[in-house]
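See structure below.
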Amino acid sequence: MTTVNSGLARARRGVAPGGSGRPSPSRTSLNRASKLHGQTSRTYFWLILPSVLLLVLINGYPLIYAGVQATHDGSLIDAGNFVGVDNFTSVLGSEAFWKAVQFTIVFTIVGVFGSWAVGLGLALLLRTRIPAGGLFKVLLLLPWVVPIVVSSTAWNWLVASPDSPTNKVFTALGLETPLFLADPTLAAITVCLFKVWVSFPFMMMMSAGALTSVDNTVYEAASMDGASRWQQFTGITLPLTARSTYISWILMTIFCVNDFPTIYLLTGGGPVDATTSLVVYAYRKVFQDFQTGPGVAVAFLMTITLVIVSTLLYRQIRKSSVE
Amino acid sequence: MSTVLHTHTAPPAGVGQFNANGRKRRPVSEAGMRGRWWRFALILAVTAVVLVPIGAVVVLAVLPASASSTTGLTLENFSGVFEKTLASTWLANSLVVTLATVVVSVAVAAPAGYVLSRGKSKAVSGYSLLLFVMQSLPIITSVVPLFILFANLGLVDNLLGITIVYVASTMSVATWMMAAYFDSIPVSLEEASWIDGCSVFGSFLKVVLRNSLPGVLSTAIFAFLLAWNDYLVAIVFLRSNEIFTLPVGVQSFFQQNATDWGSVMALAVVMMVPPIFVFAALNKYFSVGGIGGSLAGR
């Protein structure tokens, strides 16, 4: 009886939608409930409005305007004339564009899986009991916390300055000093390594978050059944953290494709465009060659690809969470 | 699942005993201890290698320049850099922009995150998809049109201009982070306040937000790092030396004085101390793990 009474009492005072109170069928309480429901929707509207306005004005409007610019031959100051798809065809026909596509793909694959492998490895290590484990956890996040401007300067000094320690090591060994940022292949490798160095802490945090949800007893059980460490890793760790891993790959892919400072500050896109990704390519077209149309066309092509891919991936994430 | 059941029926001797609560007591065997020290050595080595670039910055900043008569460690690089550059102005600019971004983006993302967390309608999940799509777009696409728009509004070479762009670019992740935190707060708390006659907005402010300090701090740290570290937006929108934020200032100084490593690194230290300080102080609140759940949850 008491539960029914309290339920009625709460209903009489008008419990909001989604509440556990059972509204009585009397008219007044129904009215109150719907009034509160109306209030809820209205409040939600006002609560989300600033965010929507910001998104529309600062993210949405420029997207549409970018579409206009991509089909004009203007500059930053002058709108120019309508040229249809000329910018797109000229971009798609240029060798430099496809080279940038190629580098973007390599950079993204190395960036995502390199940082994931390192991040997951460290997260697994830090999960076990280690002296001063908490300190290591914080120290290992530093590459991600330190501004790229600072770390790229440090890397520049390490690999490219005449009095850097790497040079001294190579000279001491009697070897010729490798031109880390001047040789096209080496520069590409260095930039990719730099990206892994910057990004692994993020993957470490994501992995550590996922690993805390895995119950330790599962491992104990598996090891009693004679499962090797590797079998435990592939049979338990990977499947149980699969969803979070998948999400972290998606986020990191987006971060890598859209990355600008990591590449631009280390190499500026050179040597001979060897480390020019699509974003760097677009930036240089607009702000160095002053070809706004083609530059925005590149950005626009990326945008369309990313909208399609991210919508599909978003569906995929949601589906995986339902299962 | 059968393997799990085994543990409760027959724990083999020597592997581990279960106490009354069913919790395992760790056997500290010699092999276990040795494994622990191996892992410690491994992680120590990895951490040392990882921190080499950051260590290099600090060491170079406190070493005297080759032309200088000073020996040992010195702070003259720092005083020098503040004398001959606008470092103090850049530092102030960066602080103003970053703090403004943090405050505004939490103020906008918290209510939006609340709606995302509690709202069940189609429109809300549509907005969540929109946030995800916006997050995935290259910022360069919107930077060029915004540059033209801001030029007309007088917001180019203006700290307010880049603050607006920063707030907009934190929006997606900040909203997810807030929503993820609100998800962990039971709805029954709000229901109780509604019964006490509180409005929906009132209960959001007084009940939900009041209990969300870790979520707010987490979002604030994220916004702080984004605004403090950004380079692309700053290099496009800021033109004159006295309006530069630290990233642009440091980079321009580096390009002009590439051989004066002491001064360059002193400036770099000035730039990396605030984010490290913020992170060290508030690290326990920061969690990116929630983003995943927040993305998948709705």
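The values are calculated or read from the model by the stated rules, or taken from the named source; none is laboratory data. Just so we're clear, the structure is a prediction, and the values are computed from it rather than from any experiment. Every residue, glycine as well, gets a Cβ built from its backbone with ideal geometry; the counts of neighbours run over all protein chains shown.
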Quiz item: Which numbered condition trips up A:Leu211, out of (1) closer than 30 Å to A:Asp273 by Cβ; (2) part of a helix (DSSP H, G or I); (3) in contact (Cβ under 8 Å) with a residue 60 or more places away in the chain?
Solution: (1)
Quiz item: Is the stretch B:22-36 home to any residue that is of a type in the set (S, T, N, Q), within 30 Å of B:Phe253 (Cα to Cα) and at pLDDT 50 or above?
Solution: no
Practice problem: Select from the stretch A:257-288 the residues that are in a loop (DSSP other than H, G, I, E, B) and more than 17 Å from A:Trp98 (Cβ to Cβ) and list them in ascending order. | Solution: A:Asn258, A:Asp259, A:Phe260, A:Gly268, A:Gly270, A:Pro271, A:Gln288
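This table checks each residue for (1) under 30 Å from A:Cys256 (Cβ atoms); (2) at pLDDT below 75; (3) of a type outside the set (D, E, K, R).
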{"position": "A:Arg27", "(1), (2), (3)": "no, yes, no"}
{"position": "A:Arg32", "(1), (2), (3)": "no, yes, no"}
{"position": "A:Pro62", "(1), (2), (3)": "yes, no, yes"}
{"position": "A:Ala70", "(1), (2), (3)": "yes, no, yes"}
{"position": "A:Ile77", "(1), (2), (3)": "no, yes, yes"}
{"position": "A:Val83", "(1), (2), (3)": "no, no, yes"}
Practice problem: Give the residues of the stretch A:122-151 that are within 26 Å of B:Asp230 (Cβ to Cβ) and among the small types (Gly, Ala, Ser), sorted by residue number. | Solution: A:Ser151
Exercise. Count, please, the residues in the stretch B:146-165 that happen to be out of contact with any helix residue (DSSP H, G or I) (no Cβ under 8 Å at 6 or more places or on another chain) and buried (at least 21 other Cβ atoms within 10 Å of the Cβ).
Key: 0
Quiz item: From the list A:Phe255, A:Phe290, which residue is more than 8 Å from chain B (Cβ to nearest Cβ) and either free of Cβ contacts under 8 Å to residues at least 40 places away in the same chain or within 22 Å of A:Ala70 (Cβ to Cβ) (or both)?
Solution: A:Phe290
Quiz item: Counting only residues that are free of Cβ contacts under 8 Å to residues at least 60 places away in the same chain and more than 7 Å from chain B (Cβ to nearest Cβ), which one in the stretch A:145-160 is nearest to B:Leu282 (Cα to Cα)?
Solution: A:Val159
Quiz item: Just checking, which of A:Val218, A:Val198 is β-branched (Val, Ile, Thr), in a helix (DSSP H, G or I) and at the interface with chain B (Cβ under 7 Å from one of its Cβ atoms)?
Solution: A:Val218
Practice problem: Considering (1) part of a loop (DSSP other than H, G, I, E, B); (2) under 25 Å from A:Phe255 (Cα atoms); (3) small (Gly, Ala, Ser), say which one A:Ser152 fails and leave the rest. | Solution: (1)
Quiz item: Of B:Val97, B:Val103, which residue is among the aliphatic types (A, V, I, L, M), out of contact with any Leu (no Cβ under 9 Å at 6 or more places or on another chain), assigned to a helix (DSSP H, G or I) and more than 8 Å from chain A (Cβ to nearest Cβ)?
Solution: B:Val103
Exercise. At least 1 residues that are in contact (Cβ under 8 Å) with a residue 24 or more places away in the chain in each: list the helices (runs of 4 or more DSSP H) lying fully within the stretch B:142-225 that qualify.
Key: B:159-183, B:187-195
Quiz item: If you check A:Tyr264, A:Tyr281, A:Tyr314, which single one turns out to be under 30 Å from A:Val159 (Cα atoms) and facing chain B (nearest Cβ under 9 Å)?
Solution: A:Tyr264
Quiz item: Given the residues B:Gly126, B:Gly119, B:Gly113, which is the only one that is closer than 30 Å to B:Thr219 by Cα, over 21 Å from the mean Cα position of the chain (by Cα) and within 10 Å of chain A (Cβ to nearest Cβ)?
Solution: B:Gly119
Self-check item: Filter result (within 7 Å of chain A (Cβ to nearest Cβ) and either hydroxyl-bearing (Ser, Thr, Tyr) or at positive phi (or both)) within the stretch B:138-155
Solution: B:Thr141, B:Ser142
Quiz item: For the stretch A:95-106, does any single residue satisfy the condition of being within 28 Å of B:Val278 (Cβ to Cβ) and either touching a helix residue (DSSP H, G or I) at 6+ places or on another chain (Cβ under 8 Å) or modelled with pLDDT of 90 or more (or both)?
Solution: no
Quiz item: Hey, does the stretch A:202-215 have a residue that's under 16 Å from A:Ala117 (Cα atoms), surrounded by 13 or more Cβ atoms within 10 Å (Cβ to Cβ), among the aromatic types (Phe, Trp, Tyr) and facing another protein chain (nearest Cβ under 8 Å)?
Solution: yes
Practice problem: Would you please name the residue that is nearest to the chain's Cα centre (by Cα), looking only at residues in the stretch A:223-250 that are within 8 Å of another protein chain (Cβ to nearest Cβ) and modelled with pLDDT of 85 or more? | Solution: A:Ser248
Quiz item: Mind checking which residues of the stretch B:129-141 are within 22 Å of B:Gly113 (Cα to Cα) and without any contact (Cβ under 8 Å) to a residue 40 or more places away in the chain?
Solution: B:Leu129, B:Leu130, B:Val133, B:Met134, B:Gln135, B:Ser136, B:Leu137
Quiz prompt | Which numbered condition B:Ser79 misses (of (1) within 26 Å of A:Phe255 (Cβ to Cβ); (2) hydroxyl-bearing (Ser, Thr, Tyr); (3) exposed (fewer than 15 other Cβ atoms within 10 Å of the Cβ)) | solution = (1)
Quiz item: What number goes with the only condition from (1) modelled with pLDDT under 90; (2) more than 7 Å from chain B (Cβ to nearest Cβ); (3) in contact with a helix residue (DSSP H, G or I) (Cβ under 9 Å, 6 or more places away or on another chain) that A:Pro184 does not pass?
Solution: (3)
Quiz item: Of all residues in the stretch B:172-189, which are surrounded by 24 or more Cβ atoms within 10 Å (Cβ to Cβ) and facing another protein chain (nearest Cβ under 8 Å)?
Solution: B:Thr175
Practice problem: Identify all residues within the stretch B:242-270 that are within 20 Å of B:Leu73 (Cα to Cα), at the interface with another protein chain (Cβ under 10 Å from one of its Cβ atoms) and surrounded by 17 or more Cβ atoms within 10 Å (Cβ to Cβ); write none if there are none. | Solution: B:Trp261, B:Val264, B:Met265, B:Leu267, B:Ala268, B:Val269, B:Val270
Quiz item: Among A:Leu92, A:Leu120, A:Leu141, A:Leu124, which is modelled with pLDDT of 80 or more, hydrophobic (A, V, I, L, M, F, W, C) and loosely packed, with under 15 Cβ neighbours inside 10 Å?
Solution: A:Leu92
